[in-house]
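Since the structure comes first, as structure tokens, the remarks are kept for the end.
The values are calculated or read from the model by the stated rules, or taken from the named source; none is laboratory data. Worth saying up front: this structure is predicted, and the values here are computed from it rather than measured. Every residue, glycine among them, receives a Cβ derived from its backbone with ideal geometry; neighbour counts consider all protein chains shown.
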Ligand code: NAD
């Protein structure tokens, strides 16, 4: 089953109650993987599990706020208890904020974004890597953003958080390469997900201009990011580590 060699693998996806994470949970399950669907959103997470099962796949839900150390530790323990190991982790949960120039942004927002987008990804990697060291290898993909590669006007804190995800990815890839753990980041352009819908509700006139920044002439779909995560997790990417894969319709090419 599947062309990525992921049949029977134990996979953890965070932020899997919606958007890119849900698309990834469905894609991994379609490849025959056993998927742990993690999120703070219980209803959305259970809906993702139901969707996977409707398509004949295997998944279960774990409620976890990735910004809470104890919850992340027990999330990874829960996956290992259930599946015996953790082969692949897609650390995808993240949050965005209202668009504001740097001088107008506030401390509470800074702390909130950093605690989920940076501390959350760091905590997930820490506990996943500990497990992968025990079992002799694995693959991790973190969701950064094009805002982790270039500046993002009006999103200074978000951009800083995603540059930090790239820094964690590169450094951990260097630290754990010899241990058989590959660690990469996927950097989406602007993708049609509930996150984008919320941003467009705040500023409906932005849609035309955000399409324009993609040379491909449209926005991305969650499945297009899921496909990149699938490939990076698979043995087809066996010599790829410490990489930031832009899946952005050419946004960062110009
Ligand atoms: P989304 O808001 O549609 O879905 C994100 C999911 O993460 C939600 O289910 C939410 O409940 C969950 N989540 C949020 N905080 C959490 C926490 N503390 N612990 C556990 N789960 C939590 O967003 P999306 O568009 O699917 O984004 C997924 C990732 O992709 C994010 O890291 C985002 O920054 C990144 N990204 C999105 C876009 C885009 O245009 N949509 C572009 C670049 C990068």
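Within the bounds of the stretch 105-117, is there any residue that is free of Cβ contacts under 8 Å to residues at least 12 places away in the same chain and more than 16 Å from the ligand (Cβ to nearest atom)?
Within the stretch 105-117, one or more residues are free of Cβ contacts under 8 Å to residues at least 12 places away in the same chain and more than 16 Å from the ligand (Cβ to nearest atom).
Give the residue that is nearest to the chain's Cα centre (by Cα), with candidates limited to residues of the stretch 128-147 that are within 16 Å of the ligand (Cβ to nearest atom) and farther than 15 Å from residue 11 by Cβ.
144
State whether one or more residues within the stretch 148-159 are in contact with a strand residue (DSSP E or B) (Cβ under 8 Å, 6 or more places away or on another chain) and surrounded by 15 or more Cβ atoms within 10 Å (Cβ to Cβ).
Among the residues of the stretch 148-159, at least one is in contact with a strand residue (DSSP E or B) (Cβ under 8 Å, 6 or more places away or on another chain) and surrounded by 15 or more Cβ atoms within 10 Å (Cβ to Cβ), which makes the answer yes.
Consider only pairs whose beta carbons are under 8 Å apart and that are at least six residues apart or on different chains; among these, list those whose first residue lies in the stretch 30-52 and is closer than 8 Å to residue 17 by Cβ and whose second residue is assigned to a helix (DSSP H, G or I) and more than 10 Å from the ligand (Cβ to nearest atom).
Close Cβ pairs (under 8 Å, with a partner that is assigned to a helix (DSSP H, G or I) and more than 10 Å from the ligand (Cβ to nearest atom)) amount to 37/25; 37/49; 37/52; 48/25; 48/26.
Do any helices (runs of 4 or more DSSP H) lying entirely in the stretch 176-240 carry at least 2 residues that are within 24 Å of residue 122 (Cα to Cα) and out of contact with any helix residue (DSSP H, G or I) (no Cβ under 8 Å at 6 or more places or on another chain), and which ones are they?
222-233
Any idea how many residues of the stretch 98-121 are within 20 Å of the chain's Cα centre (by Cα) and either buried (at least 18 other Cβ atoms within 10 Å of the Cβ) or outside any helix (DSSP H, G or I) (or both)?
Counting residues in the stretch 98-121 that are within 20 Å of the chain's Cα centre (by Cα) and either buried (at least 18 other Cβ atoms within 10 Å of the Cβ) or outside any helix (DSSP H, G or I) (or both) gives 7.
Can you tell me how many residues in the stretch 2-29 are at positive phi and without any contact (Cβ under 8 Å) to a residue 40 or more places away in the chain?
Residues in the stretch 2-29 being at positive phi and without any contact (Cβ under 8 Å) to a residue 40 or more places away in the chain: 2 in total.
Within the stretch 178-212, can you find the residues that are more than 24 Å from residue 24 (Cβ to Cβ) and modelled with pLDDT of 95 or more?
If the condition is that a residue be more than 24 Å from residue 24 (Cβ to Cβ) and modelled with pLDDT of 95 or more, then 178, 179, 212 are the ones that fit.
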